[in-house]
Structures are given as structure tokens and as C-alpha cells.
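The values are calculated or read from the model by the stated rules, or taken from the named source; none is laboratory data. This structure is a prediction, so every number in the text was calculated from the model and none was measured. Here Cβ is always computed from backbone atoms with ideal geometry, including for glycine, and neighbour counts include all displayed protein chains.
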């Protein structure tokens, strides 16, 4: 089986700032697939920004809203860029993985710190006073747990990351 004939979704997981949305669009174009950014999907369904939900209703409520919308997704042959917090919901991750392959886009903390300049306003699910470093340490084991494939994005341009994902998924499909 090849990636072109495989109808499973490709689900991108990883920290905020790793490039899931940008790479997701490029990956979808390269594979002639539809693209869903779950953060954008949630905002459209809720009629408000992620940060507004977090600020007004709290982290727990946001995570419930995120899980509910992820559980409502029914699609095949898509590239799905998830919000970094999706891994907090075992039910949401089980749902996503029933129809797809989870690709963990990994980037070292220093590069993430360089990329994220709007931590307070970008809708990142983190406790008040929590640092990006502690969030990274908290989430990394969850990304690793759910990943079917891990792609190290350090030093790669977006196009190179897309090529690595395609190669990794094709190798995985060849071994199944």
C-alpha cells in the first residue's frame, strides 16, 4: 500500500510553534488531501477565539470543548493539524487514531522558545504562571505515547518536514 492510495488521516501533533498548521497545509497540497486545523475549526464552531474561551471559561472548560469538537470529526483522507493540548484527552486521541496515523512533530525547547513570541494571546492551554519549559516537559511524554511516527523537525524547512513525514509514513505503511 502507498500513501497515495491510503485513505487514513494524517494527524499532526506537537507543541505550539512546531509548525503543525503550516506543514499541514503543505502536506495536504503535496498529497492532494483536504486539510483541517482543529484550532480554526473550534473557533469557527464556537464563534470566538481560543484565547477568549480560555480567559472567560478556564482551561478545564476549554479542554472539554476541544475534546467535544475533536470527537465530532468524521473524515477520511485528510491532514489534520491539532492544537497542542489535544493529547490531554485520551478519548479525543483514540478517536483520531481510529481513522489515522498520528505524527509527532518534535522540536527542541530552545527552538520553540525562539518561535513563540505571543504565548499570552495565541490560545495555548497552560496554567497561569506556567512556563513554556514546564509545559514542554509535561506534554512531551503524551506526544510520545500517542505518536505512530515521530519526525524531528530541528533544522528543517517546512518543505523538508513535509518530505520527512511522507517518507516516514510510506515506510510505516510498507511494513504493515
### Message
Within the range 1-119, considering only helices (runs of 4 or more DSSP H) that don't extend past its boundaries, which have at least 1 residues that are in contact (Cβ under 8 Å) with a residue 60 or more places away in the chain and surrounded by fewer than 18 Cβ atoms within 10 Å (Cβ to Cβ)?
### Response
20-31, 50-57, 59-72, 90-98, 109-115
### Task
Specify the residue that is nearest to residue 3 (Cα to Cα); the eligible residues are those in the range 154-175 that are touching a helix residue (DSSP H, G or I) at 6+ places or on another chain (Cβ under 9 Å) and in a loop (DSSP other than H, G, I, E, B).
156
### Message
So for the range 112-128 (the condition being touching a strand residue (DSSP E or B) at 6+ places or on another chain (Cβ under 9 Å) and under 20 Å from residue 21 (Cα atoms)), does at least one residue qualify?
### Response
no
### Query
Which of the residues that make up the range 139-158 are exposed (fewer than 14 other Cβ atoms within 10 Å of the Cβ) and under 21 Å from residue 124 (Cα atoms)?
141, 144, 145
### Summary
Considering residues that are surrounded by 14 or more Cβ atoms within 10 Å (Cβ to Cβ) and touching a residue at least 40 places away in the same chain (Cβ under 8 Å), the number found within the range 159-176 is 9
### Task
Please enumerate the residues belonging to the range 120-139 that are touching a helix residue (DSSP H, G or I) at 6+ places or on another chain (Cβ under 9 Å) and assigned to a helix (DSSP H, G or I).
132, 133, 135, 136, 137, 139
### Message
Go through (1) at pLDDT 95 or above; (2) within 16 Å of residue 12 (Cβ to Cβ) for residue 141 and report which single condition fails.
### Response
(2)
